[in-house]
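Structure first, then comments.
The values are calculated or read from the model by the stated rules, or taken from the named source; none is laboratory data. Values in this document were obtained by computation on a predicted structure and should not be read as measured data. Cβ atoms come from the backbone with ideal geometry, glycine included; neighbour counts cover every protein chain shown.
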Amino acid sequence: MTDEVPTYRLAVIGETGASAAGGVAVAEPESGRREPSGRWRRWGVLLAVLLLVPAAGAVWWVGRGTVEAGSGADAPDAATTGWMFALQYGDESSARRHVDSADVDDVWERWAADLTDAGATLTVGAAPDGTPMTTVVDGDRATITEWWRMVLHADGASYGTESRAWTFEVVRRGNGWWITSVQPPPWCGPDGYVRC
């Protein structure tokens, strides 16, 4: 309810009215609700469209990300390489994208913390025979070995280590491939990245 005071319109009744003497008739007040003009109606529709389209896009994006996060990788090496790049860049959400094991998450957390503490980064390396990766697929299982180097930054200088092998076990479930285990090289020692 509004606080508007109704206004009455006075009209003079002419000769065609009930009183030829020119009486006064009172017209009822107009309703306080007015229909919007065509221009304002168009602006309202345009505003609604401008607000709903981005909202619908956001719902689609979240839904798409949820489906992708639970779909597995297209190929076994796509899962493992994606995991290693996530480790390289410290991208935790991407690291868990194609993982089906809490042990793999534990390896990621430990290595991410160690790399940060050491001020080191991982880069793609190569095996002694020159191959950066080997993939052995046996039905719905695959073993992937990727070779990665570590770059250490200390005292204003950087130096790279020898390439070391990371071995992954990957399984196919439905249309996607999932990482079930990771065997990283040791951090230090004769087969590790650094001498301790």
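Here Arg172 meets the list (1) modelled with pLDDT of 90 or more; (2) within 28 Å of the chain's Cα centre (by Cα); (3) of a type outside the set (S, T, N, Q); (4) closer than 22 Å to Glu92 by Cβ almost entirely, failing just condition (4).
Evaluated against (1) touching a residue at least 12 places away in the same chain (Cβ under 8 Å); (2) surrounded by 15 or more Cβ atoms within 10 Å (Cβ to Cβ), Thr134 falls short on exactly one condition, (1).
Residue count for the stretch 85-101 satisfying the condition of being farther than 18 Å from Val171 by Cβ and not small (Gly, Ala, Ser): 6.
Consider Ser163 carefully, then state whether it is free of Cβ contacts under 8 Å to residues at least 12 places away in the same chain and touching a strand residue (DSSP E or B) at 6+ places or on another chain (Cβ under 7 Å).
no
Among the residues of the stretch 166-195, those that are touching a residue at least 24 places away in the same chain (Cβ under 8 Å) and among the charged types (D, E, K, R) comprise Glu169, Arg172, Arg173, Asp191. Got at least one residue in the stretch 99-108 being of a type in the set (Phe, Trp, Tyr), modelled with pLDDT of 85 or more, surrounded by 13 or more Cβ atoms within 10 Å (Cβ to Cβ) and out of contact with any strand residue (DSSP E or B) (no Cβ under 7 Å at 6 or more places or on another chain)? Within the stretch 99-108, one or more residues are of a type in the set (Phe, Trp, Tyr), modelled with pLDDT of 85 or more, surrounded by 13 or more Cβ atoms within 10 Å (Cβ to Cβ) and out of contact with any strand residue (DSSP E or B) (no Cβ under 7 Å at 6 or more places or on another chain).
Note on the stretch 160-196: among residues that are aromatic (Phe, Trp, Tyr) and closer than 24 Å to His98 by Cα, the one that is surrounded by the fewest Cβ atoms within 10 Å (Cβ to Cβ) is Trp178. In summary, Ala142 fulfils each of the numbered conditions (1) in contact with a strand residue (DSSP E or B) (Cβ under 6 Å, 6 or more places away or on another chain); (2) touching a residue at least 60 places away in the same chain (Cβ under 8 Å); (3) surrounded by fewer than 18 Cβ atoms within 10 Å (Cβ to Cβ) with the single exception of condition (3).
Within the option set Ala157, Ala113, being aliphatic (A, V, I, L, M), within 15 Å of Gln88 (Cβ to Cβ), loosely packed, with under 15 Cβ neighbours inside 10 Å and out of contact with any strand residue (DSSP E or B) (no Cβ under 9 Å at 6 or more places or on another chain) holds for one residue only, Ala113.
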